[in-house]
Amino acid sequence: MSRWTLGNVVKVGLAVVFLPLLAYLVLVIGAVKKHLRVTIEGLIYAAGFSVGVFWLDIDGLGGLLVLASMGASGVRAWHLRDLWLPARRRWWHRFVPEEPQPPVEVSDTPPPEAALEGADGRVAALGWAGSFAEHHRLRLPAEAYGSFVRTRQLLEGVVEAERREPSEDARFDYELDAIVRKYLPGVLHGYLAIPPSMVDARQPNGRTPNEELTEQLQLLSGQAQALYSSRHSRTTAQLTTTGNFLREKFGHRKDDAFDFGIS
């Protein structure tokens with residue numbers, strides 16, 4: 001699999017040729033791929049560029065707005081490369097038979113170890129979720145899969161911190177267990193239960209299952225970030241508390257730190 005395909009080279013070439021219009025690239029990607037959220041994001045960059053060029057002084061604030069819009073659009077286009085520059089087999093590989101790979105069996109349900117209490121069960125649940133998502137990666141939207149990977153990495157950091165030093169906070173444990181054992185697997189199962197032919201169909205709420213999955217995984221990623229920040233801010237606070245205690249107890253004895261009262 002490679003991004004160096006003829007189609008991708010042509011797309012990048014056009015982007016380079018029309019580099020002065022880079023601020024419109026994300027808008028074009030969203031419109032072509034019919035991705036509502038990306039289209040709205042692209043409209044923001046395009047609007048900023050247009051305002052800077054046509055309404056503001058290009059030598060002052062307008063120029064800064066134009067550069068900011070182009071830069072933001074270019075960075076986001078790189079982040080969205082899986083959407084408009086998908087990796088494909090090179091054309092000559094079509095004539096070379098591939099060796100069959102043994103199928104990797106991944107259970108649709110978490111292993112029994114995932115039901116264990118504490119860190120061991122959470123590690124098993126996250127490991128299964130990662131294998132399950134990787135097994136079905138081709139069915140998951142690229143942006144959604146990226147959100148899943150970020151969420152899993154954050155949760156792994158929290159679980160490892162809890163393994164080393166449990167916080168003994170019942171509410172924190174409940175929220176961590178819920179996202180690891182219930183919400184993350186539930187979102188994956190719910191999406192993969194939908195036939196592939198229907199994932200782009202608009203639902204009564206105006207969204208497609210692809211858009212729903214992406215948003216839900218982004219919400220879970222935000223919650224995982226909150227848990228990560230909360231867990232490590234506690235560690236920082238504990239270190240500060242210990243430092244305050246030591247300063248209070250021993251800070252005034254710096255001058256005679258080695259005087260143990262032995263004559």
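The values are calculated or read from the model by the stated rules, or taken from the named source; none is laboratory data. All values derive from a computational prediction rather than experimental measurement. Glycine also receives a Cβ, built like all others from the backbone with ideal geometry; neighbour counts cover every protein chain displayed.
Can you find a residue in the stretch 6-16 that is without any contact (Cβ under 8 Å) to a residue 24 or more places away in the chain, more than 28 Å from THR214 (Cα to Cα) and not β-branched (Val, Ile, Thr)? Yes: one or more hits. Can PRO195 be described as over 15 Å from the mean Cα position of the chain (by Cα), of a type outside the set (Gly, Ala, Ser) and farther than 17 Å from GLY118 by Cα? Taking the combined requirement at face value, the residue satisfies it. Residues of the stretch 165-189 that are out of contact with any Ser or Thr (no Cβ under 9 Å at 6 or more places or on another chain), farther than 22 Å from GLY130 by Cα and part of a helix (DSSP H, G or I): ALA170, ARG171.
For every residue, the table says whether it meets (1) loosely packed, with under 13 Cβ neighbours inside 10 Å; (2) in the same structural domain as ASP200 (by TED's automatic domain parsing); (3) farther than 20 Å from THR214 by Cα.
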residue	(1), (2), (3)
LEU22	no, no, yes
GLY30	no, no, no
ARG37	no, no, no
ASP57	yes, no, yes
ALA72	no, no, yes
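Scanning the stretch 52-107 for residues that are modelled with pLDDT under 80 and among the β-branched types (Val, Ile, Thr), we see that the one that is nearest to the chain's Cα centre (by Cα) is VAL106.
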